[in-house]
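The values are calculated or read from the model by the stated rules, or taken from the named source; none is laboratory data. On a predicted model such as this, the values are computed, not experimentally measured, just so you know. Ideal geometry is used to build each Cβ from the backbone, glycine not excepted, and the neighbour counts take in all protein chains shown. What goes into the accessible areas is simple: the full protein's heavy atoms, side chains included, and nothing from ligands, DNA or RNA. Shrake-Rupley method; radii C 1.70, N 1.55, O 1.52, S 1.80 Å.
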Amino acid sequence: MANKTIKKYMLHLGIEKGVSESTLRAYEGDILQFFKYLKDSGGNPDPAITAPAHVKSWLGSLSRNGYTARSISRKVASLRSFFSWLARQGEIARDPTLGISTPKKGRDLPVFAGREAVGRMMELPPRDTRKGIRDRAVLELLYGTGMRLAELVDSTVSRCDFTKGTIKVTGKRDKERILPLSGEASTTLAAWMKEIFGVPEEAFSDRVQYTAFFADRPDAPIFPGRDGKSISRRTVQRIVKKYLEQVAALTRMSPHVIRHTFATHLLDSGADLRAVQELLGHVNLTTTQIYTHVTMEKLREIFDRSHPRA
């Protein structure tokens, strides 16, 4: 029963509420994890008979298994939304998440790599193999634009404008924004497109010729997988982890770490906070402000180490 009900709820979120695919996956994963816990612990994974005690037991197991307060709070939010919808549909008599408290969330500072580590990482992919050219382009595009993993995976050839030095991406809530495409990001991406599509050199400086070259396939993904469709998220995650772990000892090794690194390095270099907000596609400035805590911590370390009366 639970699986069918969850599928109905996912359709409700996707079609009626317009929730993004990545958010849908997160909600579904959290909800399925809860009902799997009930089943594995000998309970009945039926939403109609789920009680507050079941939810509390699950939260306790998450805490014992090392989940952070932030992760647990997100999972509770997923479950609350699901059971609230069931209650509105009249499919359950009482919402079992009512009155459930979540752990107090601390402020988790972004994990990021240093400038030297990034420089070394970019030199690791081989320049004379197709896979190496692709990996370098993936890394440079993530670091050069700060785009999200989903935005990179969904990028198509028609969204690149090498003459203007821009790339258009679609972020959360289907909000589009235009990002600068220049320097190494532009160079390595052009090298990849020559390799995989055979784009002639002169087309990168002539928009008309570039558009004509892709006239019959404007929606071709920049990074196609073996089936011709977009490269998988997991493949991009593996690429980042493979190279990042060779140059830095970080608690996380993901594409989002590259995004954190992009933002932190910009602010370290004096970039305006609102400009970084626009580049990252954050709706609220407060979301971007967490990066100022990172830069302030760095300044404090320098001050404590250098000031004679610190």
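Side notes on the structure shown:
- A Gaussian network model of the chain, with springs between Cα atoms under 10 Å, assigns the largest mean-square fluctuation among Gly119, Gly66, Gly198 to Gly66.
- For a label point 7 Å along the Cα-to-beta-carbon line of Thr102, residues of the stretch 47-64 with backbone N under 19 Å: 52-64
- 3J(HN,Hα) along the stretch 42-51: x, x, 9, x, 10, x, 5, 10, 6, 10 Hz, from the Karplus curve 6.51 cos²θ - 1.76 cosθ + 1.60 with θ = phi - 60°, whole Hz, x for Gly and Pro.
- Packing-based order for 202-208, 140-146, using average beta carbon neighbours within 10 Å, highest first: 140-146, 202-208
- For the stretch 159-204, the solvent-accessible area works out to 51 Å² per residue, with a probe of 1.4 Å and every protein chain left in place.
- Among Leu280, Leu38, Leu244, the residue with the largest mean-square fluctuation in a Gaussian network model of the chain, with springs joining Cα atoms closer than 10 Å, is Leu38.
- Checking the cross-link pairs Lys131/Lys194; Lys194/Lys229; Lys36/Lys172 against a 24 Å limit on the alpha carbon distance flags Lys36/Lys172 as lying beyond it.
- At 1.567 mPa s and 4 °C, Stokes D of the chain from Kirkwood alpha-carbon radius, µm² per second: 58 µm²/s
- Overall form of the stretch 128-261 per C-alpha gyration tensor (a/c, 1.5; a/b vs b/c): prolate
- Calculated FRET value between Ala249 and His12, using beta carbons and R₀ = 41 Å, to 0.05: 0.40
- Accessible surface of the chain [probe 1.4 Å, protein heavy atoms]: carbon and sulfur percent: 51 percent
- Considering helices alone, the calculated mean residue ellipticity of the chain at 222 nm is -17500 deg cm²/dmol, with DSSP H runs of length four and up weighted by -39500 (n - 2.57) and normalised per residue.
- Label-zone membership for the stretch 56-80, site Thr23, 7 angstrom Cα→C-beta point, backbone N under 13 Å: 78
- Radius, Kirkwood style, for the stretch 1-156 when every pair of distinct Cα atoms is counted (Å): 18.6 Å
- Taking label points 7 Å from Cα along the Cα-to-Cβ direction, Thr170 and Arg120 give a separation of 4.0 nm.
- Around Pro45: net Lys/Arg minus Asp/Glu count, Cβ-Cβ under 9 Å: +1
- Distant-in-sequence amide H partners of Thr156 (H built 1.01 Å from N, under 5 Å): Ile222
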